[in-house]
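Some notes on the structure that comes next.
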Amino acid sequence: MHPIRIAPSLLAADFSRLGEEVRSVEDAGADWLHLDVMDGHFVPNLTFGPFITAAIKKCATKPLDVHLMITDPWRYADAFLDAGADLLTFHIEVAAQGDVGKLLDHIRSRGRKAGLSVQPDTPVALLAPFVDRLDLVLVMSVFAGFGGQKFMASVLPKVGELRALGYRGEVSMDGGIATGTIAQSAAVGTNVFVAGTAVFGAPDRRARIAELRALAKGARGPAG
Ligand code: DX5
Ligand code: ZN
């Protein structure tokens, strides 16, 4: 069973104090830092690129879990790897734009972890050809593009479906993960929990991360 990881999404951070926010959630117990990269094309929102990723890398001590919500990950993957991404995840929905397997292999050839993400309305069956070339699957529990949306429980069966496809790597869930939803996600086998609003909006971030971790652990049953 993969370890429980809490990955605060910096999309919910105060970008006027980004360095402080990184230190704050790391001190509060974050396992990974989730960076939401949006190009204003794959999703109707525009966030940041390699330049900010490199700035975050300078002050981070935890792994950077970079989520590319962009139409052309082939064009920009190396820029994010150069900037310090430890995990690089792109969306299967852009598969028609290039060779998915080749990009996954390339990310791994540079010593980083490769991931694929699926939108709520995308079947995980599309990932079947790649299950042996993946370190992470990011199951979106909201439609990508914005933080603070409502958790979509309809995606929960996807985790079991991934295991049925023979995928043995880590499973992350992203969108609306909070104290009221994390247990159902952990119960189906998710081990990485992306949480933006739930962490950055908490009065006590350390207490909130500890609470999320305990809820996930409890939902996993005796194996914990
Ligand atoms: C949405 C992003 C999510 C989002 C999560 O496109 O991929 O990571 O920031 O935010 P919350 O946890 O606020 O739903
Ligand atoms: Zn994300």
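Taking Cβ atoms as reference points and 14 Å as the exclusive limit, the residues near residue 29 contribute a net charge of +3, counting Lys and Arg as +1 and Asp and Glu as -1.
Ranked by the mean number of other Cβ atoms within 10 Å of their residues, highest first, the peptides 35-41, 66-72 come out as 66-72, 35-41.
Ranked by the mean number of other Cβ atoms within 10 Å per residue, highest first, peptides 195-206, 4-15 order as 4-15, 195-206. Surface composition of the chain: carbon and sulfur make up 55 percent of the accessible area, probe 1.4 Å.
A convex hull fitted around the alpha carbon atoms of the range 1-60 yields 105 Å³ per residue. Over the chain, DSSP H runs of length four or greater, each weighted -39,500 (n - 2.57), average out per residue to a 222 nm ellipticity of -9500 deg cm²/dmol.
Give me the lysines in straight-line cross-link reach of residue 62: C-alpha distance below 18 Å, same-chain residues under 8 apart excluded. Straight-distance partners of residue 62: 113.
Note on the range 5-220: Kirkwood hydrodynamic radius from all Cα pairs is 17.0 Å, rounded to one decimal. Per residue, the chain exposes an accessible area of 41 Å² to a 1.4 Å probe, with every protein chain left in place. Considering only Cα atoms, the convex hull volume of the range 122-224 works out to 100 Å³ per residue.
Volume per residue of the convex hull around the Cα atoms, evaluated for the range 1-108, comes out as 113 Å³.
Full extension of the chain between residue 41 and residue 18 yields a length gain of 5.8 nm, computed as 0.36 nm times the residue separation minus the alpha carbon distance.
The values are calculated or read from the model by the stated rules, or taken from the named source; none is laboratory data. The model shown is predicted, which means the values in this text are computed figures rather than measured ones. Every residue, glycine among them, receives a Cβ derived from its backbone with ideal geometry; neighbour counts consider all protein chains shown. Just so you know, the surface numbers come from the protein's heavy atoms only, side chains and all, with ligands and any DNA or RNA stripped out. Shrake-Rupley method; radii C 1.70, N 1.55, O 1.52, S 1.80 Å.
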